[in-house]
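Trainee: Pasting a structure below so you can have a look.
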Number of protein chains: 2
Amino acid sequence: MTETTKPNPSAAMLVIGDEILSGRTRDANMYHLAGRLTEHGIDLCEVRVVSDNPDAIIGGVRALSGAFDHVFTSGGIGPTHDDITADCVARALGAEIDIREDARALLAAHYDAQGIELNEARLRMARIPDGAVLIPNPISAAPGFSLGNVHVMAGVPTIFDAMVEGLLPRLTGGAPMLSETMAIYRGEGEIAAPLGALAERFSDLSFGCYPFQRDGAYAAHVVVRGRDAGRLSTAMAELRDLLLA
Amino acid sequence: MTETTKPNPSAAMLVIGDEILSGRTRDANMYHLAGRLTEHGIDLCEVRVVSDNPDAIIGGVRALSGAFDHVFTSGGIGPTHDDITADCVARALGAEIDIREDARALLAAHYDAQGIELNEARLRMARIPDGAVLIPNPISAAPGFSLGNVHVMAGVPTIFDAMVEGLLPRLTGGAPMLSETMAIYRGEGEIAAPLGALAERFSDLSFGCYPFQRDGAYAAHVVVRGRDAGRLSTAMAELRDLLLA
């Protein structure tokens, strides 16, 4: 075995937003982050979606930051009354929070250039906990931040994506998770027994089976995931012999 | 005040699936369920996504079923080795589980009609906890089930949606959550102060503010939600006077 046996860093995501829970908005950030973390070699182990409620946010941050190497949050860092994420993260981790000069300077430069007043509401976006490292926002200036192992980012998908790109190079990833997919044009129930036996023999890999239909016929995608390319290709060869023969 | 002051039933969702956490699949069931529960007068308060791992599933079921009136699960009830939801839910709630005759009969009829063998793998889908009530599956027969306050459904979106339609009439809803949206063609930071003051005065309603851009200009959707149509329309009238004047 190689150094890939060292486990990858683990991660959780906390999506903050009534608009997701009410069905108004379909989440896009979870899907985007999941893919980028997989490529970066960080294992996303759990996602929680909570409402814009202090107890829910504080409880979620504490539970996840204690259980995983990294926590990524999405949403609730704008200028309006429902944007309470920064204050809740500070409280969850016992940090002081106030308007910070480096964040205020970023906002001032951004709004000055557009001739827009940096009023009290917009200044809320400069509330950053003591000790936090800013996450750049190349789109609308108001920064995210990392406090301990909690990385706080915007909910608007274009801004969230840009923040993720600014943040990821700072985080040490492990071996990227590799995956291969095989389409099998038989019902899941047909292939379940041999697939289960193979999954047991290759216990260092993960085997998923996802049914679909084509032209009314049952079919399934078998997805094999792991960090060792050699093991993965051995398993795929056996899978072909077993299921496509 | 009317009887709408009685709180709606609360709910959580547990999405089970490595394919969501790895970024392979974009979740659709959360979005669908969120909308249907809102219409039915059940408040979705939290969603968790966990991997196909017994401890994660059992822990999630216990935490959520203790904290909310209803828990809806999605995923992991097919015939393959990674389909462990039914057994995990039974363990989480201390119920016995085995192949149940009513579920076996549904599967037998379905597969007989197609001339397909009801083999051992497919029979796994008849494993139903003692005391559970079946949730019909009009698409591929293999049923979901309700055990206590936990409702176990398939991960394939067409089947999940059909199971939700079969289940909802059995669940008592409260007053449907109503919402109204107003587009404001000004930056969030511009409207934050008057909006916050209004939200404070209408504390029985929830006010969300969701920024977007149109033709490069800042704009926002203000969403007001509540269960009393009269209060909602009063708030919207004040909002119009305040922000569109």
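Trainee: If Lys and Arg each add +1 and Asp and Glu each add -1, what is the summed charge of the other residues whose beta carbon sits under 15 Å from the beta carbon of A:Ala95?
Mentor: 0
Trainee: Still on this structure, please answer the following. What average count of beta carbons from other chains do you get within 10 Å of the Cβ of residues in B:166-177?
Mentor: 0
Trainee: Still on this structure, please answer the following. Counting only other chains, what is the mean number of Cβ atoms within 10 angstrom of the Cβ of each residue in peptide A:14-21?
Mentor: 5
Trainee: If R₀ is 30 angstrom, what is the calculated FRET efficiency for the pair A:Ala67 and B:Glu165, using the beta carbon separation as r and rounding to 0.05?
Mentor: 0.25
Trainee: In peptide B:46-53, what is the residue-averaged number of other protein chain Cβ atoms found within 10 Å of each Cβ?
Mentor: 6
Trainee: When only alpha-carbon atoms are used, what values of Rg and Dmax, in angstrom, describe region A:178-243?
Mentor: 11.6, 36
Trainee: Based on the Kirkwood radius over alpha-carbon pairs, what is the Stokes-Einstein translational diffusion coefficient of region A:62-137 at 37 °C with 0.692 mPa s viscosity, in µm²/s?
Mentor: For the chosen part, D equals 243 µm²/s.
Trainee: Another question, if that's okay. Run through the other copies and list how far each one's label point is from that of A:Pro136, in nm with one decimal, shortest first; the point sits 7 Å from Cα along Cα-Cβ.
Mentor: For A:Pro136, the inter-copy label distances come out at 5.9 nm.
Trainee: Return the calculated 222 nm mean residue ellipticity for chain A, to the nearest 500 deg cm²/dmol, obtained by summing -39500 (n - 2.57) across DSSP H runs with n ≥ 4 and dividing by the residue count.
Mentor: -11500 deg cm²/dmol
Trainee: Where the centroid of each part is defined by its Cα atoms, how far is region A:39-72 from region A:81-156 in Å?
Mentor: What the calculation gives is 19 Å, centre to centre.
Trainee: How far, in nm to one decimal, is A:Ala193 from itself in the other copies if the label point is set 7 angstrom along Cα toward Cβ? Shortest first, please.
Mentor: Its label point is 7.4 nm from the equivalent points in the other copies.
Trainee: Percent antiparallel among DSSP beta bridges with both residues in region B:3-170, to the nearest 5?
Mentor: Taking every DSSP beta bridge with both residues in region B:3-170, the antiparallel ones total about 35 percent.
Trainee: For the rotation that brings chain A onto chain B, whose beta-carbon in chain A is nearest the axis, and what is that distance in whole angstrom?
Mentor: A:Arg48, 3
Trainee: Quick check on packing: order A:124-132, A:210-218, B:164-172 by the mean number of other C-beta atoms within 10 Å, highest mean leading.
Mentor: Final packing ranking: A:124-132, B:164-172, A:210-218.
Trainee: Right, another one. Can you pull the Rg over Rh of region A:93-245, Cα-only, Kirkwood?
Mentor: 1.25
Trainee: Mean 1/r over all different Cα pairs, inverted: what Kirkwood radius does region B:3-170 give, in Å?
Mentor: 16.1 Å
Trainee: Over all alpha-carbon pairs in region A:134-187, figure out the percentage whose distance exceeds 16 Å.
Mentor: 53 percent
Trainee: Between B:Leu134 and A:Leu123, with labels modelled 7 Å along Cα→Cβ, what's the label distance in nm to one decimal, could you check?
Mentor: About 6.6 nm separates the two model spin labels.
Trainee: Would you mind counting up the charge near B:Ala220? Only other residues with Cβ under 10 Å from its Cβ, with Lys and Arg at +1 and Asp and Glu at -1.
Mentor: Charge balance in the 10 Å sphere: -1.
Trainee: So what is log10(I(q)/I(0)) for the protein assembly as shown at q = 0.06, 0.08 1/Å, when the Debye sum runs over its Cα atoms only?
Mentor: Reported log10 I(q)/I(0), two decimals: -0.30, -0.54.
Trainee: Ordered shortest first, which distances in nm separate the 7 Å Cα→C-beta label point of A:Ile116 from those of the other copies?
Mentor: 5.5
All of the numbers you see were taken from the coordinates with simple rules; none came from a lab. Note that the structure is predicted; figures quoted are calculated from it, not measured. Glycine gets a Cβ as well: all are built from the backbone with ideal geometry, and neighbour counts include every protein chain shown.
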